[in-house]
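*Asks:* Just dropping this structure here.
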Amino acid sequence: MNISTPFIRRPVATSLLTAALLLSGALAFRMLPVASMPEVTYPVIMVSANLPGASPETMATAVATPLERMFGRIAGITQMTSNSQLGSTFIVLVFDLNRDIDGAARDVQAAINAARGQLPANLPTNPNWRKVNPAESPVMVLALTSDTATQQQMFDVADSILAQKIAQIEGIGQVNVGGSSQPAVRVEINPMLLSKLGVGLDQVRAALGQANANAPKGSLSNDKTASIITDNDQLFIAREYAPLIIAYHNGAPVRLSDVANVVDGQQNSRNAGTVNGRRAVLLQLFRQPSANTIETVDRVRALLPMLQASIPPSVQISVSQDRTITIRASVHDIEVTLVISVVLVIFVVFFFLRSIWATSIPSIAVPLSLVGTFGVMYLAGYTIDNLSLMALAISTGFVVDDAIVVIENITRYVEKGMAPLQAALEGSREIGFTVLSMSTSLIAVFIPILLMGGIIGRMFREFAVTLSVAVVISMIVSLTTTPMMCAKLLKREEKQRRHNWLYRASERTFEAFYETYASTLRWVLEHQRFMLAITLGTVCLAVYLYIVVPKGFFPQQDTGRINGNARGPEDISFQSMRQKLLQYVDIVRSDPAVDVVAGFIGRANTANVNITLKPLSQRKVTADQVINRLRPRLAQVPGATLFLQAVQDVNIGGRAGNAQFQYTLQGDNLKDLMTWAPILEQRLRTLPQLRDVNTDLQHRGLEAELVIDRATAGRLGLTASNIDSALYDAFGQRQVSTIYKGINQYHVVMEIDPKFQQSPDALKNIYVRSSTGQMVPLSAFTLY
């Protein structure tokens, strides 16, 4: 039986099938997404909840704990971690790799709904969740800067206009806005004036809450016309709130402007962003799964002029970070490597066969096998990335073997004088099973990778499948197209045929190679014990090198991007941390390898720094070398530490950190964790292999603790709820009213004047309204 016979005898049909394979592969190549690494779906979901002004302990006990109890009932969770900060909680749920992420998301939403009754009633919004890919970083970061617009105005432009338009671009999955917060009307109360007038914070809060309404009002109509009823039920800017009457004192109205400074500001005053030292708001753009990264970024860049025209001219948009620069470079390099490998293979074939017609056969078969692989990659949902292209580059040496084996066997019959058609039929019949067994054995090598589990298995499965598909297509081409082309392109060998000068000149070279090979082979066979000793020595050396060679999950990459996390002491103020961030930005900017530095503060004692390096052709140093060069200069900034690490395409785990490796300490008792975590951290610092050892345990911050005398408070007509509410009104940036506008909603934020928040003595100025209407100072029933 000869599989190749129908294809040899029907060259037109075979040619059409070959052309179809080529066209389908070429079309699929243009449709395949482009990425740095294979698309791996990590079943990770992050849940976030916000309660402005709440302490980390309150967030952990009142918000995180009820949610965690409900999440603990969800099947398939392998890891659950939470991080509670001032006013916010983040819970990361890592599911089993076989868990469907969409089904897990539905279970998470159901758990949030079930826990809502146990959460604080004053949560501004319900906890929200989003799917997270730890390996995914923003494909692009846009920066908004202005010489005249305020931070909150730029944030409003980014959140209300740009984020909406960008999210509609094909390939964009999520847009995060940072560096500031929404505009808001801030009411900064003077507590001393408030107490003199006998007005409570709760009265101010109630008046502000009732100042805005957006309720239906009906309409008027008669037999001819109809009119919609409207009124000025909303106040939009600070000066409209100033004359608001909040209470009456001795028959005279007390207006908001009498006891407070009302200003147009931002919802959270403890946010700041900067790009190269200028005030900025950042938009982080994440791509959708399986989207073409390069095409997505190109669409955003093409839309930038329209986006710029849609916002005030005083605000400028610039590209702070573009992830595709390194992706384009790496994919281009490996594509060039692939082309070079194909050319070298064809050149070697020509060097040995010395026939243009014979060389043209593998010259067609090898690219055809590689291009045809793209079609299967598209059907499998794969991407053009470093691993898939590396698989194709490696497969070049495999796919050429099948073609050469078939050509050599057919050529052997042609050289004996047989007609090319008969030689193709006879030669393919003999070699068909050999080609099949060769390809099967090659595929068998990759079966362990195909069956490998875990993240590594998912990461390298695309590599193994791509290489195996290339080998299978090469086998098919070698059994169909290659013998057909041999029958048509090879020439009958004639006894009196005179070869060209290249063939005659190379013949002497081949004879010399043959004699050299024969002599060395004879010497090896005559010294078998010596060669066996060399073989055993090589094996032992390989084992030794395997033991001593450094090991890791992935080689350290230079993606041209560096992420940093600046951390100050827990008791540092927002203003001081902002100054340290600016110092860090100035130091990093001064490095000649740095192109753009962007930073923003999300909470008082931490700040994020994103560094974009110049292209390698301009900096001549790697990202790790830049970090080592910056480290001693950054250490000169007192009172804070900036941890830097080069951005990698592959990150495992759902918990962010300030280093490449993480060690999690677990325990049932919080006191034990607080005792042993510093001890473990100190011991790790002594290891010479480690640097920048740090922990996310931050429990040394200052606290102003109030001890309530409940008996006295009860006698004065006060409850713990009244006291907490008054403290929240004074120090929590409490959102007390909503302003409804056409494209967004904004809030009225209430707190006491910042100059009365600078020390625990400010508590002496806080009064709480009792059930009898009397104003009672905190000092009357508390110790602090």
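*Asks:* Being under 48 Å from the mean Cα position of the chain (by Cα), of a type in the set (A, V, I, L, M) and over 20 Å from N190 (Cβ atoms) is the filter here; which residues of segment 753-784 pass it?
*Replies:* The one that is under 48 Å from the mean Cα position of the chain (by Cα), of a type in the set (A, V, I, L, M) and over 20 Å from N190 (Cβ atoms): L783.
*Asks:* Moving to a separate point now. Report yes if some residue within segment 383-390 is touching a residue at least 40 places away in the same chain (Cβ under 8 Å), within 30 Å of N292 (Cβ to Cβ) and open to solvent by 50 Å² or more (accessible area, probe 1.4 Å); otherwise report no.
*Replies:* Keep residues of segment 383-390 that are touching a residue at least 40 places away in the same chain (Cβ under 8 Å), which gives 383-390.
Then drop every residue that is not within 30 Å of N292 (Cβ to Cβ), which leaves 383-390.
Pick out the ones that are also open to solvent by 50 Å² or more (accessible area, probe 1.4 Å) and you get 390.
Looking for residues that are touching a residue at least 40 places away in the same chain (Cβ under 8 Å), within 30 Å of N292 (Cβ to Cβ) and open to solvent by 50 Å² or more (accessible area, probe 1.4 Å), one finds at least one in segment 383-390, hence yes.
*Asks:* Quick one: in segment 1-29, which of the residues that are assigned to a helix (DSSP H, G or I) and among the small types (G, A, S) is nearest to the chain's Cα centre (by Cα)? Show your work before the answer.
*Replies:* Keep residues of segment 1-29 that are assigned to a helix (DSSP H, G or I), which gives 5-9, 11-29.
Of the ones still in play, those that are also among the small types (G, A, S) are 13, 15, 19-20, 24-26, 28.
Values: A13: 48, S15: 45, A19: 40, A20: 38, S24: 32, G25: 30, A26: 30, A28: 26 Å.
It comes out as A28.
*Asks:* Please work out which residue is most open to solvent (accessible area, probe 1.4 Å), limiting yourself to segment 604-641 and to residues that are under 15 Å from K580 (Cβ atoms) and under 21 Å from the mean Cα position of the chain (by Cα).
*Replies:* N608
*Asks:* Inside segment 99-123, can you point out the residues that are over 21 Å from the mean Cα position of the chain (by Cα), modelled with pLDDT under 85 and not small (G, A, S)?
*Replies:* The answer is N122, L123.
*Asks:* I'd like to know if segment 726-740 contains one or more residues that are over 21 Å from L201 (Cα atoms) and open to solvent by 70 Å² or more (accessible area, probe 1.4 Å). I'd like the intermediate steps shown before the answer.
*Replies:* Step one: filter segment 726-740 for residues over 21 Å from L201 (Cα atoms), giving 740.
Now drop any that are not open to solvent by 70 Å² or more (accessible area, probe 1.4 Å), which leaves 740.
Yes, there is a match, as at least one residue in segment 726-740 is over 21 Å from L201 (Cα atoms) and open to solvent by 70 Å² or more (accessible area, probe 1.4 Å).
*Asks:* Considering Q774, Q689, which residue is without any contact (Cβ under 8 Å) to a residue 24 or more places away in the chain and open to solvent by 90 Å² or more (accessible area, probe 1.4 Å)? Steps first, answer last, please.
*Replies:* Numbers: Q774 fails: without any contact (Cβ under 8 Å) to a residue 24 or more places away in the chain.
Of Q774, Q689, the one residue that is without any contact (Cβ under 8 Å) to a residue 24 or more places away in the chain and open to solvent by 90 Å² or more (accessible area, probe 1.4 Å) is Q689.
Conditions tested, residue by residue: (1) open to solvent by 90 Å² or more (accessible area, probe 1.4 Å); (2) more than 30 Å from R354 (Cα to Cα); (3) at pLDDT 90 or above.
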| position | (1), (2), (3) |
| --- | --- |
| T466 | no, yes, yes |
| V471 | no, no, yes |
| T480 | no, no, yes |
| L502 | no, no, no |
| E507 | no, no, no |
| E515 | yes, no, no |
| N563 | no, yes, no |
| P569 | no, yes, no |
| S573 | no, yes, no |
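*Asks:* I've got another one for you. Going by the conditions given, is G277 at pLDDT below 90, surrounded by 15 or more Cβ atoms within 10 Å (Cβ to Cβ), within 19 Å of V596 (Cβ to Cβ) and among the small types (G, A, S)?
*Replies:* Values: at pLDDT below 90: yes; surrounded by 15 or more Cβ atoms within 10 Å (Cβ to Cβ): no; within 19 Å of V596 (Cβ to Cβ): yes; among the small types (G, A, S): yes.
Criteria not met by G277.
*Asks:* Only one of D591, D668, D595 is open to solvent by 80 Å² or more (accessible area, probe 1.4 Å) and in a loop (DSSP other than H, G, I, E, B); which? Give the steps one after another, and end with the answer.
*Replies:* On the way: D591 fails: open to solvent by 80 Å² or more (accessible area, probe 1.4 Å); D595 fails: in a loop (DSSP other than H, G, I, E, B).
Checking each option against the conditions leaves just D668.
*Asks:* Checking I723 against (1) free of Cβ contacts under 8 Å to residues at least 60 places away in the same chain; (2) under 30 Å from S160 (Cβ atoms); (3) open to solvent by less than 40 Å² (accessible area, probe 1.4 Å), which test does it fail?
*Replies:* Exception for I723: condition (2).
*Asks:* Now for a different question. Could you identify the single residue in I410, I449, I443 that is β-branched (V, I, T), over 36 Å from the mean Cα position of the chain (by Cα) and buried (at least 16 other Cβ atoms within 10 Å of the Cβ)?
*Replies:* Values: I449 fails: over 36 Å from the mean Cα position of the chain (by Cα); I443 fails: over 36 Å from the mean Cα position of the chain (by Cα).
Among I410, I449, I443, only I410 is β-branched (V, I, T), over 36 Å from the mean Cα position of the chain (by Cα) and buried (at least 16 other Cβ atoms within 10 Å of the Cβ).
*Asks:* What number of residues in segment 125-147 are modelled with pLDDT of 90 or more and β-branched (V, I, T)?
*Replies:* Adding up the residues that qualify gives 2.
*Asks:* Please determine, by comparing only the residues of segment 692-720 that are of a type in the set (D, E) and more than 30 Å from the chain's Cα centre (by Cα), which one is least open to solvent (accessible area, probe 1.4 Å).
*Replies:* Going through segment 692-720, the residues of a type in the set (D, E) turn out to be 692, 696, 703, 705, 709.
When the remaining residues are screened for being more than 30 Å from the chain's Cα centre (by Cα), the result is 703, 705, 709.
Values: E703: 140, E705: 129, D709: 74 Å².
Ranking the qualifying residues of segment 692-720, first place goes to D709.
*Asks:* Please return the ranges of helices (runs of 4 or more DSSP H) entirely within segment 102-213 where 1 or more residues are more than 27 Å from M46 (Cα to Cα) and of a type outside the set (A, V, I, L, M, F, W, C). If you could, list the steps in order and put the result at the bottom.
*Replies:* Values: elements: 151-157, 163-167, 191-196, 201-209.
The helices (runs of 4 or more DSSP H) meeting that bar are 151-157, 191-196, 201-209.
*Asks:* Then there's this: Which of (1) in a helix (DSSP H, G or I); (2) surrounded by 19 or more Cβ atoms within 10 Å (Cβ to Cβ) is the odd one out, the single condition L93 does not satisfy?
*Replies:* (1)
*Asks:* Could you please give the count of residues in segment 30-42 that are surrounded by fewer than 16 Cβ atoms within 10 Å (Cβ to Cβ) and either in contact (Cβ under 8 Å) with a residue 12 or more places away in the chain or part of a strand (DSSP E or B) (or both)? Quick ask: steps written out before the conclusion?
*Replies:* First pass over segment 30-42, keeping only residues surrounded by fewer than 16 Cβ atoms within 10 Å (Cβ to Cβ): 30-31, 41.
Add one more test, that the residue is either in contact (Cβ under 8 Å) with a residue 12 or more places away in the chain or part of a strand (DSSP E or B) (or both), and what stays is 31, 41.
The number of residues fulfilling the criteria is 2.
*Asks:* Quick one: what pairs do we get from segment 259-285, first residue in contact (Cβ under 8 Å) with a residue 40 or more places away in the chain and at positive phi, second aliphatic (A, V, I, L, M) and surrounded by fewer than 22 Cβ atoms within 10 Å (Cβ to Cβ), C-beta under 9 Å, 6+ apart or different chains?
*Replies:* Every condition considered, the pairs that remain are N276/V596; G277/L582.
*Asks:* Moving on. Evaluate the following for E705: is it outside any helix (DSSP H, G or I), among the acidic types (D, E), modelled with pLDDT under 85 and farther than 22 Å from N190 by Cα?
*Replies:* On the way: outside any helix (DSSP H, G or I): yes; among the acidic types (D, E): yes; modelled with pLDDT under 85: yes; farther than 22 Å from N190 by Cα: yes.
Yes: the conditions hold for E705.
Each row is one residue, and each column tells you yes or no for (1) of a type in the set (G, A, S); (2) over 11 Å from M750 (Cβ atoms); (3) under 42 Å from the mean Cα position of the chain (by Cα).
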| site | (1), (2), (3) |
| --- | --- |
| T150 | no, yes, yes |
| D156 | no, yes, yes |
| L162 | no, yes, yes |
| A167 | yes, yes, yes |
| I172 | no, yes, yes |
| V177 | no, yes, yes |
| V185 | no, no, yes |
| L197 | no, yes, no |
| G200 | yes, yes, no |
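*Asks:* Given the conditions (1) of a type in the set (A, V, I, L, M, F, W, C); (2) open to solvent by less than 30 Å² (accessible area, probe 1.4 Å); (3) closer than 20 Å to A391 by Cα, report the number of the one that I45 does not fulfil.
*Replies:* (3)
*Asks:* Same structure again: Do we have any residue at all in segment 233-253 that's open to solvent by less than 20 Å² (accessible area, probe 1.4 Å) and within 22 Å of K741 (Cβ to Cβ)? Give the steps one after another, and end with the answer.
*Replies:* At the first step, the residues of segment 233-253 found to be open to solvent by less than 20 Å² (accessible area, probe 1.4 Å) are 238, 241, 246-247.
Going one step further and asking which of them are within 22 Å of K741 (Cβ to Cβ), we end up with 238, 241.
Yes, segment 233-253 has at least one match.
*Asks:* Pairs only if they're at least six apart or on different chains, beta carbon under 8 angstrom, first in segment 570-592 and free of Cβ contacts under 8 Å to residues at least 40 places away in the same chain, second outside any loop (DSSP other than H, G, I, E, B); list them, first residue then second.
*Replies:* D591/V626; D591/R629; D591/L630; P592/R619
*Asks:* Another question, then. Just give me the residues in segment 391-417 being free of Cβ contacts under 8 Å to residues at least 60 places away in the same chain and either aromatic (F, W, Y) or not in a helix (DSSP H, G or I) (or both), in sequence order.
*Replies:* Result: Y413, single match.
The values are calculated or read from the model by the stated rules, or taken from the named source; none is laboratory data. Everything numeric here is computed off the predicted structure, so don't read it as measured data. So basically every Cβ, Gly included, is an ideal-geometry build from the backbone, and we count neighbours across all protein chains shown. Ligands, DNA and RNA are excluded from the accessible area calculation, which covers all protein heavy atoms including side chains. Shrake-Rupley method; radii C 1.70, N 1.55, O 1.52, S 1.80 Å.
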